[in-house]
1. Restricting segment 15-45 to residues that are more than 20 Å from the chain's Cα centre (by Cα) and closer than 21 Å to GLN73 by Cβ, which is farthest from the ligand (Cβ to nearest atom)?
2. Please list, ordered by first then second residue, the pairs with beta carbon atoms under 6 Å, 6 or more apart or interchain, first in segment 1-15 and surrounded by 10 or more Cβ atoms within 10 Å (Cβ to Cβ), second of a type outside the set (A, V, I, L, M) and at pLDDT 65 or above.
3. Surrounded by 10 or more Cβ atoms within 10 Å (Cβ to Cβ), at pLDDT below 95 and within 16 Å of the ligand (Cβ to nearest atom): which single residue out of LEU67, LEU48 fits that description?
4. When the residues of segment 16-45 are filtered to those that are hydroxyl-bearing (Ser, Thr, Tyr) and loosely packed, with under 12 Cβ neighbours inside 10 Å, which remaining residue is nearest to ASN61 (Cα to Cα)?
5. Please enumerate the residues belonging to segment 51-64 that are within 16 Å of the ligand (Cβ to nearest atom) and not in a loop (DSSP other than H, G, I, E, B).
6. Examine segment 20-34 for a residue that is modelled with pLDDT of 90 or more, hydrophobic (A, V, I, L, M, F, W, C) and in contact with a Leu (Cβ under 6 Å, 6 or more places away or on another chain), and state whether such a residue exists.
7. Looking for something at pLDDT 95 or above, small (Gly, Ala, Ser) and either away from the ligand (no atom under 16 Å from the Cβ) or surrounded by 10 or more Cβ atoms within 10 Å (Cβ to Cβ) (or both) - is there at least one such residue anywhere in segment 75-93?
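The values are calculated or read from the model by the stated rules, or taken from the named source; none is laboratory data. These numbers come from a predicted model, not from an experiment. Cβ: placed from backbone, ideal geometry, glycine included. Neighbour counts: every protein chain shown.
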Amino acid sequence: MDQQMNLNIGLDKTSPISCNKCGSQVFQEGVLLRKASRLLTGTAQDALIPIQVFACMSCGNVNEEFLPLQMRQQATPKEETIEPEVEEENKGGKIITF
Ligand SMILES: [Zn+2]
């Protein structure tokens, strides 16, 4: 993926993207925020992770193709990411005395 693409491409070689919901071709930038638990990041506070997306200017819809793969709902329905279950060791503090 080139960071800076030369825009010497003829626009006739490009294809328009339109909103999946209303068909509008005008988008505006938006930011999705994901929260990462401080338990995961190891920081004092939960972390916010901004994800830049484009939203339809007319209806606000965000096409799935703009979303990161992991956030697409239609992406590979059979291969669900297996989240390792985190066992909380110090939960509840069951103390067994003999
Ligand atoms: Zn729309």
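1. The extreme case among them is GLY23.
2. Every condition considered, no pair remains.
3. Working: LEU48 fails: within 16 Å of the ligand (Cβ to nearest atom).
None of the other options fit; the residue is LEU67.
4. Step one: of segment 16-45, the residues hydroxyl-bearing (Ser, Thr, Tyr) are 18, 24, 37, 41, 43.
Restricting the remaining residues to those that are loosely packed, with under 12 Cβ neighbours inside 10 Å gives 37, 43.
Details: SER37: 27, THR43: 33 Å.
Only one residue tops the list, namely SER37.
5. In the first step, residues of segment 51-64 are kept if they are within 16 Å of the ligand (Cβ to nearest atom); the result is 53-64.
Selection gives VAL53, PHE54, ALA55, CYS56, GLU64.
6. Residues of segment 20-34 modelled with pLDDT of 90 or more: 20-34.
Narrowing the set further to residues that are hydrophobic (A, V, I, L, M, F, W, C) leaves 22, 26-27, 31-33.
Narrowing further to those that are in contact with a Leu (Cβ under 6 Å, 6 or more places away or on another chain): 33.
Yes, segment 20-34 has at least one match.
7. Initially, segment 75-93 is screened for residues at pLDDT 95 or above, giving none.
The answer is no; no qualifying residue exists.
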